[in-house]
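The values are calculated or read from the model by the stated rules, or taken from the named source; none is laboratory data. None of these values were measured; they are calculated from a predicted model. Positions of Cβ are backbone-derived with ideal geometry, glycine not excepted, and every protein chain shown enters the neighbour counts.
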Amino acid sequence: MERILVIKLSALGDVIQAFGPFAAIRAHHPAAEITLLTTPPFAGLLARAPWFDRIWPDGRPAWTDLPAVARLALRLRRAGFARVYDLQTSGRSSRYRWLTGAGPEWSGIARGASHPHANPARDSLHTLERQREQLQMAGLTHFPEPDMAWMEEDISALGLPARFGLLVPGASPGRPGKRWPVAHFAALAARLDLPVAVLGGKAEAPLAAAIRAAAPGAIDLTGRTSLGQIGALARRAAFTVGNDTGPTHLAAAAGCPTLSLFGAESDPALAAPRGPRVAVLRRVPFEALSVAEVLEKLREIS
């Protein structure tokens, strides 16, 4: 059996953006045994996806942890991969070419790759276009829409009404400029005609509290959902409004009507969520994006 390795280590939004490439690789190698090398936060979600036969979650050992690096190198060399698709295309993942040995074909940007992504302007492309071009240079021609029916999980314990929307007011803790002001999210929730559930990690509970103060019917789900549950919520929600952050990308990929909000810190031309019903609003400065504008655009897509 042909054995294929796909490398995608992080981060959540980038992993979600790789769903289309994952589906294309499976379509190109329908009978192969495909292994995904990733990291623990994404292993559980992607183990349920239809594109992989194996998930290896140990894809990013610390370089100072020599035993762990040696274990990964030995595992990669013993696996007998015929081809590697490096969708991370980082300095780290490019070094893995030397860990796999000289045998496998390699799609990526590593020196000596058999199928290099040779476009010098690759970093000016949107993530999806960049990865599609990389795969085309490796001989892939069929790019099916990823089937997201697998993104189901029990959400009955969350106590949601039959009709609800999703708000994602957080973003990377290290990039606060990616956050539309929480007061704007709160004002938006207060003007909607249905209750909203607020998504995020435990650290974003204060954002949910601020929203609930303005819209008491809002439901605080911060710190209460797995990635799989976020996908299941998005498949049922009337809409999602969120910043440029992983859960917003996940909602868009799941097919939820999604409005993604951008300020100066990220460029939608490079990183906007993709999905069947996605819209983007960007303002600089970010606080100048009004609630009225968001409401108007939301009505267009939902």
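Taking the conditions exactly as written (surrounded by fewer than 20 Cβ atoms within 10 Å (Cβ to Cβ) and free of Cβ contacts under 8 Å to residues at least 24 places away in the same chain), does L158 satisfy them or not? If you could, list the steps in order and put the result at the bottom.
Working: surrounded by fewer than 20 Cβ atoms within 10 Å (Cβ to Cβ): yes; free of Cβ contacts under 8 Å to residues at least 24 places away in the same chain: no.
Here the answer is no, as L158 does not meet what is asked.
Kindly indicate whether A197 is under 23 Å from the mean Cα position of the chain (by Cα), among the small types (G, A, S) and modelled with pLDDT under 95. Judged against the criteria, A197 is not a match.
On inspection, H115 passes the criterion of being over 28 Å from L289 (Cα atoms) and surrounded by 13 or more Cβ atoms within 10 Å (Cβ to Cβ).
Annotation for the range 23-40: at least one member residue is part of a helix (DSSP H, G or I) and more than 18 Å from P144 (Cβ to Cβ).
Could you tell me how many of the residues in the range 131-173 are part of a loop (DSSP other than H, G, I, E, B), among the small types (G, A, S), touching a Ser or Thr at 6+ places or on another chain (Cβ under 9 Å) and farther than 30 Å from W106 by Cβ? So the answer is 3.
Note on the range 111-130: among residues that are among the basic types (K, R) and assigned to a helix (DSSP H, G or I), the one that is farthest from L87 (Cα to Cα) is R122. Among the residues making up the range 70-98, those that are surrounded by 15 or more Cβ atoms within 10 Å (Cβ to Cβ), in a helix (DSSP H, G or I) and aliphatic (A, V, I, L, M) are L72, A73, L76.
Go through the range 54-69 and report how many residues are closer than 17 Å to E33 by Cα and assigned to a loop (DSSP other than H, G, I, E, B).
1
Just checking, does the range 220-227 include any residue being of a type in the set (G, A, S), surrounded by fewer than 24 Cβ atoms within 10 Å (Cβ to Cβ), over 24 Å from A183 (Cβ atoms) and in the same structural domain as W180 (by TED's automatic domain parsing)? The answer is yes; a qualifying residue exists.
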